[in-house]
1. Every residue in segment 57-114 that is touching a strand residue (DSSP E or B) at 6+ places or on another chain (Cβ under 7 Å), more than 30 Å from residue 27 (Cβ to Cβ) and assigned to a loop (DSSP other than H, G, I, E, B), please.
2. So which residues in segment 29-56 are surrounded by 14 or more Cβ atoms within 10 Å (Cβ to Cβ) and in a loop (DSSP other than H, G, I, E, B)?
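Only the coordinates and a few stated rules stand behind these numbers; no lab work does. As the structure is a prediction and not an experimental result, all values here were calculated from the model. Cβ placement follows ideal geometry from the backbone for every residue including glycine, while neighbour counts extend to all protein chains displayed.
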């Protein structure tokens with residue numbers, strides 16, 4: 001089973017006896033956050049997230065010392081499928097160094113923390 005997002009594609013080669021594509025619901029049923037992609041990355045990565053109801057969403061990036069590096073999203077978002085990108089810069093627009101970073105996604109009572117790796 002595969003899910004296509006945006007401009008992704010599936011290439012099928014060889015003998016195929018069947019193939020079907022299902023429609024993704026217009027509104028997700030639960031909160032979900034995908035691992036950033038690509039990971040490791042240089043210099044830009046994308047974070048996809050799903051929210052089942054309109055909610056105020058905050059996505060922040062922290063270094064391993066727990067210091068906030070950047071705010072990627074800080075706004076009311078409608079229910080649906082969303083994504084944001086991080087270009088490996090801090091709040092002042094300066095490039096950050098290679099290393100492990102943590103991103104958090106918060107929406108209402110939902111909160112998740114994930115790790116990402118920047119390699120220059």
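1. Of everything in segment 57-114, those that are touching a strand residue (DSSP E or B) at 6+ places or on another chain (Cβ under 7 Å), more than 30 Å from residue 27 (Cβ to Cβ) and assigned to a loop (DSSP other than H, G, I, E, B) turn out to be 64, 88, 90, 91, 96, 98.
2. Across segment 29-56, the qualifying residues are 31, 34, 36, 39, 52.
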